[in-house]
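Structure record follows, encoded as structure tokens.
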Amino acid sequence: MALLIEQVLNGVQSGVMLFLMAAGLTLIFGVMGLINLAHGSLYMVGAFAAAAVASATGSFLLALVAALAAAAAAGALVEVLVIRRLYARDHLDQVLATFALILIFSEGVRWIFGSFPLFLDIPAALSGPVMLGPITYSKYRLALIGIGLVVALGLFWLTQRTRIGVQIRAGEADREMIAALGVDIGRLYTFVFALGAALAGLAGALVGAIQSVQVGMGEPVLILAFVVIVIGGIGSIKGALVGALLVGLTDTLGGVALPAALSLVMDLSAAQATGAALAQVGIYVLMAAILFWRPRGLYGHG
Amino acid sequence: MAERWINAGLLAGLGLVALWAWAAGAPFTVTLATKVAILALAAAGLNLALGIGGLVSLGHAVFFGIGGYAMGVLASHAQAYDPIFTRPFVFEGTKSMPFIWLAAIAVGALAAWVIGRISLRTSGVYFIMITLAFGQMFYYLAISWPAYGGEDGLSIYVRNGFPGLDTLDPIQFFGICFAILLIVLWCMARIAASPFGLALNAARQAPTRVMASGIDPDRLRLWAFVVSGAVTGLAGALYADLNRFVSPTMFSWQVSGELIVLIILGGVGRLCGPVAGAALFVVLEQWLGGLSEYWQVFLGLLLLAVVLAGRGGIVGLLARVPSRG
Amino acid sequence: MAEPRLSLRGVTRAFGALRVSDAVDLDLRQGEIHALIGPNGAGKSTLIAQICGALRPDAGRILLEGRDVTAWDVPRRARAGLGRTFQVSSLASEDTALQNVMLAVAGRGGRLRVWSRALGRGDLTAPAREALAQVGLEGEAHTPVGALSHGAWRRVEIACALAMAPRALVMDEPLAGLGTEGVADLSALLRRVKVRAPILLVEHDMDAVFALADRVSVLVGGRIIATGPGEAIRQNAGVQDAYLGPVS
């Protein structure tokens, strides 16, 4: 039972981190109609910035600030230089150009930092376990859940309660209307893109402390975030949250249950490897099933 | 320049480079030409779905990989003298290329049918994301399959055979791949010029017109996707035979992205776009890769320039005709 | 009297509480141009969508030559002989006029062979050229549709519909944006076409409607409030109130 609760918490933790990625992607798609494959690169940029600053200053907080700033800056720069030329293009051009950006970012970061993974230490204040009723759980992972939920609340507040949220939602509905409202669309788009980038960078830095920081870390997360968006419905923040939790739980619980089940029929180490990979497959089966049932995702419209 | 002369020139050039390298005793260059032919074949498969049908599949690595594994599974069982299954009947592996090709085409088509049935329920950006996700699913399936090497993949000690030829001789293996490429391109030209091709091309531009003409565009797209998957599957089997090795990386999303890049560099929807794109890609990989370990930065910049400057690719540039929109 | 080529019986469709089609009865008889008019928002577009199969009615039946096609999708209705033209161009703009019309010929026979040549062999090109000739565009057969004038692509749309050997035609504002001379030309063409297949005509140009139509139906708020010869509709007090405004 304690194990189950722990695994559910792990699932929620990986789910909220996925949500940080998926929220940015879904906002960018919802507002600008852009599919951004390079979102995983911004995740990587955040992680590398955090690792570099942490090793220079020893401060995790400064590392997080650096991750947010570097990813937001990289996002804004890329938006101004490249992305803004793609809004009016078809999805094929967007895929190609952002694929090109992945190549540039990945190999560029490899050029600067080399191919070896960097490590980002969990801050002392958050290391070690915490007692949660009957179970002990990692303090840091619990903090990740908290941060993720705070960001989710912040995003709901931003999109539902603020002036800029009104503009964002108007932009989703009708670009001409928002122009008629006298909003500077160019600046709004740059802001939304940089916001999405900052969220991705934050996720990269936070996850970087429990995994390693290396080139290519962003793309598997990016693809999972796509799955999240497809499940939740493109453009819906709520859908992104529900989808992210579903995917996180499927991955984590499948990763525990499948090796256990497989160990009945094969030896333990093979069962571990096969089960973990099959849990990943389970995510895509979940996606295919939801799509078959609702081609526009759980909260998609149109 | 007329596109048919460019096509003839491209294909003749590829054949002549291989022959010249063979005569000059440069087997590595022959192997590179073989790689061009195989990548061109894979991209030619995608070109039917993407170039004519407008289906931006970011998961064609599935078919490339599945063709590779069709080869790997059949050949590894044959080299171990171990039947693949014995009930309800004995099914032996094989080291014979024609049978391997048939198997690769069949599994490629079958996978494309299943994935197409699900993915084509959606369109646009959903389709892109879903095909990408299916690619990742097959990647993890391949990793999770310890009987066939899991993450490490499968090695084949001796290249598979073709009756009457020595496939270990680079120029003979090039000849096989080149001949298949020519046959498939000829088939693609016929398909593009057929009523089916006409309707598929129209379905990309004007699906409502196609429906009002009494044709279901989704059926066209599904068949295009199936043929496309079969061709890319065949290319995967050849690619695995070229390397005598198959691993889950053949399923990776980078492969899917690179196949699209080949088509874009060469020219979308153009018969020999994939050939020009594959040739350019392999040349860049060798040349830039020789200059810098980080050559993909430059590939990225080039790709960005091609996309932002407008499409049409090499063949479009040579033909100086307006690019497709 | 001969059976109507196309008939609607009690066709009803609601979006939420709004009834966009309210028990619509309509007949399209052999040889006629039957105009469907109504103010904006009257439900013309949704009615057309239901006739052509893009939208399923909540209740009622749609009959094509007496066959109940209510459950059929768009392509199947098209193959059964329901031709249509669109308000905005539906043509493949990179393809030539001939290719666009050939598509319609191919669809009619289900002749989507993967292996035979579309161009060159007579089985698709001959009927397609014939249809282009009927709309007076045989000279533009090899022009990409994107390069044709507005009036010409309206004609290509009609050629596509004709190439299907239709039993009934639905035309959505074929005269829009054509100018006086274009309207006259196209009106003459429609009069020739109606002999082969009756036309359900949705049109805003009232002068053209009353000049062309054998019968007119008036749709207001999803209901047909009157059907009859043009002159009778013009004089109908209810129609004037609801739609045409007072006759000056």
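The values are calculated or read from the model by the stated rules, or taken from the named source; none is laboratory data. Just so you know, these numbers come straight off a predicted model, no measurement behind them. Neighbour counts are summed over all protein chains in view; Cβ atoms, including those assigned to glycine, are modelled from backbone coordinates with ideal geometry. The area values use the complete protein model at the heavy-atom level, side chains included, leaving out ligands, DNA and RNA. Shrake-Rupley method; radii C 1.70, N 1.55, O 1.52, S 1.80 Å.
Some values worked out for this structure:
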| read-out | value |
| --- | --- |
| Global geometry of segment B:7-251, whether rounded, prolate or oblate, following the gyration tensor of its Cα atoms and the 1.5 cut on a/c | oblate |
| Most mobile of C:Val105, C:Val195, C:Val20 in a GNM of chain C (Cα contacts under 10 Å) | C:Val195 |
| Chain A: most fluctuating residue of A:Phe19, A:Phe193, A:Phe292 per GNM, C-alpha cutoff 10 Å | A:Phe292 |
| Rounded to the nearest 10 Å², the accessible area of C:His142 at probe 1.4 Å | 120 Å² |
| Rounded accessible area of C:Lys194 (nearest 10 Å², 1.4 Å probe) | 40 Å² |
| Solvent-accessible ranking of B:Asp82, B:Asp169, largest area first, probe 1.4 Å | B:Asp82, B:Asp169 |
| Relative contact order [Cα under 8 Å, 6+ residues apart], chain B, whole percent | 33 percent |
| Residues whose placed amide H lies under 5 Å from that of C:Ala168, excluding near-sequence neighbours | C:Gly83 |
| For segment B:88-210: rounded, prolate or oblate by the Cα gyration tensor [a/c cutoff 1.5] | oblate |
| Förster radius 25 Å - calculated FRET efficiency between A:Leu264 and B:Val90, Cβ distance, rounded to 0.05 | 0.30 |
| Integer Hz, Karplus 6.51/-1.76/1.60 couplings in order for segment B:36-49, x for Gly and Pro | 4, 4, 6, 5, 4, 5, 4, 6, 5, x, 5, 4, 5, 6 |
| For B:Phe245, distant residues with modelled amide H under 5 Å away | B:Ile156 |
| For chain B, built as a Gaussian network whose Cα springs stay under 10 Å, the top-fluctuating residue of B:Leu165, B:Leu102, B:Leu154 | B:Leu165 |
| Two-decimal Rg to Rh for the protein assembly as shown - Kirkwood Rh, Cα set | 1.01 |
| Segment B:1-88: Cα Rg divided by the 2.2 N^0.38 Å rule of thumb | 1.52 |
| Binned Cα-Cα distances of segment C:1-106, short to long, each 5 Å bin given as a whole percent | 2, 11, 20, 21, 19, 13, 8, 4, 1, 0 |
| Of all accessible heavy-atom area on the protein assembly as shown, the percent that carbon and sulfur account for (1.4 Å) | 63 percent |
| Kirkwood-based shape ratio for segment B:76-129, expressed as Rg/Rh from alpha carbons | 1.22 |
| Distance between segment C:202-242 and segment B:125-202 - C-alpha centres, whole angstrom | 62 Å |
| Area accessible to solvent at C:Thr143, 1.4 Å probe radius, in Å² | 30 Å² |
| Spin-label pair C:Val88/A:Leu3, simplified geometry with 7 Å Cα→Cβ offset, distance in nm | 5.9 nm |
| At R0 = 25 Å, FRET efficiency that the Cβ-Cβ distance of A:Leu153 and A:Met131 yields, to 0.05 | 0.45 |
| Rounded to whole Hz, the Karplus (6.51, -1.76, 1.60) HN-Hα couplings of segment C:174-179, x for glycine and proline | x, 9, 4, x, 9, x |
| Prolate/oblate/rounded call for segment A:98-161, Cα gyration tensor, a/c under 1.5 rounded | oblate |
| Distant-in-sequence amide H partners of C:Leu36 (H built 1.01 Å from N, under 5 Å) | C:Leu201, C:Val202, C:Glu203, C:Ser217 |
| Mean accessible surface per residue for the protein assembly as shown, computed with a 1.4 Å probe while every protein chain stays in place, in Å² | 40 Å² |
| Pairwise burial B:A, computed as accessible area of each alone minus the pair, summed, 1.4 Å, Å² | 4300 Å² |
| Which of C:Thr180, B:Thr232, A:Thr250 is most accessible, then next, and so on - probe 1.4 Å | C:Thr180, A:Thr250, B:Thr232 |
| A:Arg187/B:Ala309 FRET efficiency (R0 25 Å; Cβ-Cβ; nearest 0.05) | 0.40 |
| Point-charge dipole on Cβ atoms (K/R +1, D/E -1) for chain C, about Cα centre, debye to 20 | 940 debye |
| Neighbouring partner chain Cβ atoms per residue of C:90-99, average, 10 Å criterion | 5 |
| Label zone at A:Ile112 (point 7 Å along Cα-to-Cβ), backbone N below 11 Å, segment A:63-103 | A:70-71, A:74 |
| Calculated Rg and Dmax of segment A:2-215 using C-alpha coordinates, Å | 18.3, 58 |
| Dipole axis of chain C (+1 Lys, Arg; -1 Asp, Glu on Cβ), positive-most option in C:Asn236, C:Ala17, C:Ala59 | C:Ala59 |
| Where the Cα pairs of chain C fall when distances are cut into 5 Å bins, in % | 1, 6, 14, 17, 19, 16, 12, 8, 4, 2, 1, 0, 0 |
| Segment A:158-265 - convex hull of the alpha-carbon atoms, volume per residue in Å³ | 132 Å³ |
| Vicinal HN-Hα couplings computed from phi for segment A:151-167 (Karplus, 6.51 cos²θ - 1.76 cosθ + 1.60; Hz; Gly/Pro x) | 4, 4, 4, x, 5, 4, 4, 4, 7, 9, 10, 10, 4, 5, x, 4, 5 |
